[in-house]
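Q: One structure follows; several queries about it will come next.
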Amino acid sequence: MTTLTFTRPDDWHLHLRDGAALQSVLPDTARQFARAIVMPNLRPPVTTTALALAYRERILAALPAGMVFEPLMTLYLTDNMRAEEILLAKASGAVHGVKLYPAGATTNSDSGVTSLEKCAPALAAMEQCGLPLLVHAEVTDADVDVFDREKVFIDRHMRPLLQRHPGLKVVFEHITTRDAAEFVAAAPTNVAATITAHHLLMNRNAMFAGGIRPHHYCLPVLKREEHRLALLAAATSGSAKFFLGTDSAPHAKHAKEAACGCAGMYTAHAAIEFYAEAFEAAGALDKLEAFASFHGPDFYGLPRNTSQVSLKRETWSVPDEIALGAETLVPLRAGQTIAWKLQAA
Ligand SMILES: NC(=O)N[C@@H](CC(=O)O)C(=O)O
Ligand SMILES: [Zn+2]
Ligand SMILES: [Zn+2]
């Protein structure tokens with residue numbers, strides 16, 4: 001097969017940042033995806049509908065002329081979020097999810113949730129009005145091994161949460177373990193998961209290939225090969241519970257190449273191509289369209305896209321660096337090649 005044509009995909013987990021950085025990264029996403037669920041972990045975080053609507057306007061203003069893209073906004077859940085705020089968010093029609101960051105779990109999560117019980121009023125309102133909870137599912141306890149934080153979250157928090165709120169729509173974001181894939185597969189239909197391209201393509205060896213590789217560090221951290229294979233099996237299974245979410249997370253080069261480098265990989269420059277590589281390696285290119293373009297909108301209750309994209313088998317080189325406002329970032333696969341190329345519309 002040399003050309004793949006399918007329904008235009010959406011990205012159900014994306015970090016666009018703000019200001020000059022937003023301006024730099026947005027075209028990479030808008031070239032490929034019709035819509036994206038935009039994460040709210042700005043500084044300060046997007047905790048109200050008013051802030052989400054203002055952020056949405058800044059994203060639309062940063063879109064280059066001639067590009068069409070719809071940002072799907074999210075709120076950042078806090079311990080004291082009120083049910084009224086949830087109803088306002090739902091009524092806006094622009095907010096499509098509420099993001100749970102356990103306090104301290106990842107980039108810009110300091111104002112995150114300290115105890116899910118405190119969020120009961122907001123969660124009950126979400127359950128009632130059908131606004132999904134999007135979860136960064138890792139415990140933060142220092143005594144839990146960093147590679148076990150997702151698995152431990154399932155029993156300590158995810159199961160009890162779904163027992164208290166059985167009707168809540170939950171997206172288990174960026175799953176990285178066999179445990180999470182099995183949990184989601186066995187859960188009722190109100191539970192789904194996003195899977196990144198990098199967790200489909202790499203295992204934890206990629207962080208230590210010939211030396212420490214800060215550009216392969218993200219959260220949840222890459223896991224063992226057996227987990228990568230389980231994610232690949234889930235993504236290519238055809239199950240409507242699994243869909244595309246890049247978690248493309250731009251950070252300036254100097255912030256990654258540092259004594260304490262921050263977490264996040266930039267994949268938006270070649271997102272759909274990375275997924276095509278992963279699906280092809282699994283012999284499952286025929287499953288890519290549903291994963292990338294159908295399961296997400298079906299879960300979120302949004303229409304599927306009607307336009308199409310084409311990928312061609314064509315080798316191209318990823319640049320060493322990409323502008324990020326006045327700085328630069330190092331994209332995934334920098335200086336190396338990719339086997340598929342998105343064709344210009
Ligand atoms: N994935 C990451 O490693 N980083 C994300 C935050 C997140 O999604 O956890 C970021 O905002 O940089
Ligand atoms: Zn996260
Ligand atoms: Zn993320």
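The values are calculated or read from the model by the stated rules, or taken from the named source; none is laboratory data. Everything quoted here is computed from the prediction, not taken from an experiment. Here the Cβ is made from the backbone with ideal geometry for all residues, glycine too, and neighbour counts use every protein chain on show. Side chains are part of the model used for accessible areas, which takes the heavy atoms of the whole protein and leaves out ligands, DNA and RNA. Shrake-Rupley method; radii C 1.70, N 1.55, O 1.52, S 1.80 Å.
Q: Considering R304, R313, which residue is assigned to a strand (DSSP E or B) and open to solvent by 20 Å² or more (accessible area, probe 1.4 Å)?
A: Values: R304 fails: assigned to a strand (DSSP E or B).
Result: R313 is the single residue among R304, R313 that is assigned to a strand (DSSP E or B) and open to solvent by 20 Å² or more (accessible area, probe 1.4 Å).
Q: Please tell me if A91 is among the small types (G, A, S), over 30 Å from S307 (Cα atoms) and not in a loop (DSSP other than H, G, I, E, B). It would help to see each step written out before you state the result.
A: On the way: among the small types (G, A, S): yes; over 30 Å from S307 (Cα atoms): no; not in a loop (DSSP other than H, G, I, E, B): yes.
The answer is no for A91.
Per-residue answers, yes or no, for (1) in a loop (DSSP other than H, G, I, E, B); (2) touching a Ser or Thr at 6+ places or on another chain (Cβ under 9 Å):
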| site | (1), (2) |
| --- | --- |
| W12 | no, yes |
| Q23 | no, no |
| N41 | yes, yes |
| P44 | yes, yes |
| A54 | no, no |
| M67 | yes, no |
| P71 | no, no |
| N108 | yes, no |
| S111 | yes, yes |
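Q: How many residues are open to solvent by less than 10 Å² (accessible area, probe 1.4 Å) and more than 10 Å from ligand 1 (Cβ to nearest atom) if we restrict to the range 257-268?
A: Number satisfying all stated conditions: 2.
Q: Mind telling me which of the residues A290, A323 ends up being open to solvent by less than 70 Å² (accessible area, probe 1.4 Å), at pLDDT 95 or above and within 21 Å of the chain's Cα centre (by Cα)?
A: Details: A323 fails: within 21 Å of the chain's Cα centre (by Cα).
One residue alone meets the criteria, A290.
Q: Can you say whether H227 is within 16 Å of ligand 3 (Cβ to nearest atom), out of contact with any Gly (no Cβ under 9 Å at 6 or more places or on another chain), open to solvent by less than 50 Å² (accessible area, probe 1.4 Å) and over 18 Å from F33 (Cβ atoms), as far as the supplied structure shows? Even if it seems obvious, please write down each step before you answer.
A: Numbers: within 16 Å of ligand 3 (Cβ to nearest atom): no; out of contact with any Gly (no Cβ under 9 Å at 6 or more places or on another chain): yes; open to solvent by less than 50 Å² (accessible area, probe 1.4 Å): yes; over 18 Å from F33 (Cβ atoms): yes.
No; evaluated as a whole, the condition is false for this residue.
Q: Only one of V113, V146 is open to solvent by less than 60 Å² (accessible area, probe 1.4 Å) and either touching a Phe, Trp or Tyr at 6+ places or on another chain (Cβ under 6 Å) or within 16 Å of ligand 3 (Cβ to nearest atom) (or both); which? Walk me through how you get there before you give the answer.
A: Working: V146 fails: either touching a Phe, Trp or Tyr at 6+ places or on another chain (Cβ under 6 Å) or within 16 Å of ligand 3 (Cβ to nearest atom) (or both).
Exactly one of V113, V146 is open to solvent by less than 60 Å² (accessible area, probe 1.4 Å) and either touching a Phe, Trp or Tyr at 6+ places or on another chain (Cβ under 6 Å) or within 16 Å of ligand 3 (Cβ to nearest atom) (or both), namely V113.
Q: Taking the conditions exactly as written (under 17 Å from the mean Cα position of the chain (by Cα), in a helix (DSSP H, G or I) and either at pLDDT 95 or above or more than 16 Å from ligand 3 (Cβ to nearest atom) (or both)), does F274 satisfy them or not? First the steps, then the outcome.
A: Working: under 17 Å from the mean Cα position of the chain (by Cα): yes; in a helix (DSSP H, G or I): yes; either at pLDDT 95 or above or more than 16 Å from ligand 3 (Cβ to nearest atom) (or both): yes.
Spelling it out, F274 is indeed under 17 Å from the mean Cα position of the chain (by Cα), in a helix (DSSP H, G or I) and either at pLDDT 95 or above or more than 16 Å from ligand 3 (Cβ to nearest atom) (or both).
Q: What number of residues within the range 324-345 are assigned to a strand (DSSP E or B), closer than 26 Å to D18 by Cβ and not hydrophobic (A, V, I, L, M, F, W, C)?
A: The number of residues fulfilling the criteria is 2.
Q: If you go through the range 288-310 one residue at a time, do you hit one that is without any contact (Cβ under 8 Å) to a residue 40 or more places away in the chain and either out of contact with any Asp or Glu (no Cβ under 8 Å at 6 or more places or on another chain) or within 16 Å of ligand 3 (Cβ to nearest atom) (or both)?
A: The answer is yes; a qualifying residue exists.
Q: Which one is nearest to E289 (Cα to Cα), of the residues in the range 16-40 that are within 12 Å of the chain's Cα centre (by Cα) and in contact (Cβ under 8 Å) with a residue 60 or more places away in the chain?
A: Just the residues of the range 16-40 that are within 12 Å of the chain's Cα centre (by Cα), to begin with: 16, 36-40.
Subset that is in contact (Cβ under 8 Å) with a residue 60 or more places away in the chain: 37, 39.
On the way: I37: 18, M39: 23 Å.
Looking at the filtered set, the residue picked out is I37.
Q: Just one of A235, A249, A284 is under 17 Å from A197 (Cβ atoms), in contact (Cβ under 8 Å) with a residue 60 or more places away in the chain and buried (at least 16 other Cβ atoms within 10 Å of the Cβ); which is it? Spell out the reasoning first.
A: Working: A235 fails: in contact (Cβ under 8 Å) with a residue 60 or more places away in the chain; A284 fails: in contact (Cβ under 8 Å) with a residue 60 or more places away in the chain.
Matching residue, one of A235, A249, A284: A249.
Q: Being open to solvent by less than 30 Å² (accessible area, probe 1.4 Å), among the hydrophobic types (A, V, I, L, M, F, W, C) and within 16 Å of ligand 3 (Cβ to nearest atom): is that true of A36 here? It would help to see each step written out before you state the result.
A: Working: open to solvent by less than 30 Å² (accessible area, probe 1.4 Å): yes; among the hydrophobic types (A, V, I, L, M, F, W, C): yes; within 16 Å of ligand 3 (Cβ to nearest atom): yes.
In short, yes.
Q: Can you find, within the range 56-65, the residue that is farthest from Y300 (Cα to Cα) among those that are assigned to a helix (DSSP H, G or I) and without any contact (Cβ under 8 Å) to a residue 24 or more places away in the chain? Let's see the steps before the verdict.
A: From the range 56-65, those assigned to a helix (DSSP H, G or I) are 56-62; that's our starting set.
Then drop every residue that is not without any contact (Cβ under 8 Å) to a residue 24 or more places away in the chain, which leaves 57, 60-61.
Values: E57: 22, L60: 21, A61: 25 Å.
Step by step, filter the range 56-65, then rank; the result is A61.
Q: Here is a further query. Any chance you could count how many residues in the range 200-223 are touching a Lys or Arg at 6+ places or on another chain (Cβ under 8 Å), away from ligand 3 (no atom under 16 Å from the Cβ) and either among the acidic types (D, E) or free of Cβ contacts under 8 Å to residues at least 60 places away in the same chain (or both)?
A: Qualifying residue count for the region: 6.
Q: Can you pull out the residues in the range 121-147 that are farther than 22 Å from L72 by Cα and under 20 Å from the mean Cα position of the chain (by Cα)?
A: Within the range 121-147, E138, V139, T140, V146, F147 qualify.
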